[in-house]
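Structure record follows, encoded as structure tokens.
Computed from the coordinates by the stated procedures, all read-outs in this text should not be read as laboratory data. Owing to the predicted nature of the structure, the values given are computational and were not obtained by experimental measurement. With ideal geometry, Cβ positions are generated from the backbone for all residues, glycine too; neighbour counts draw on all protein chains shown.
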Amino acid sequence: MIGNVEPRKCAFIHENGERCGAYALKDSLYCFWHDGRPEIEAKRRMAWSRGGSSAHKNVDLDLIAGLNDALDHIIELEDLIHD
């Protein structure tokens, strides 16, 4: 919870019917990984490329789910700094 406001969760629903556990971006219904806007897709591609070609193979996404929350905050801070 931030102040008295509960952050929104991503609206994406996985094939197994479970909702994404990451927080939605400030101006979106979706998290960094599920937002389809071109500017977010470009940032996502850059993030994947910086992670290395094999970094996302054989990774248990449940173990890194908390990183989505941190990444959302970093992106928001970046946007504030660059605006």
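For this structure, a couple of remarks:
- Amide H within-cut-off set for Tyr23, under 5 Å, with H built and near neighbours excluded: Cys10, Asp69
- By the beta-carbon count within 10 Å of each Cβ, the least crowded to most crowded order of Ile74, Ile81, fewest first, is Ile81, Ile74.
- Computed lengthening from His14 to Ala70, 0.36 nm per intervening residue step minus Cα-Cα distance: 18.1 nm
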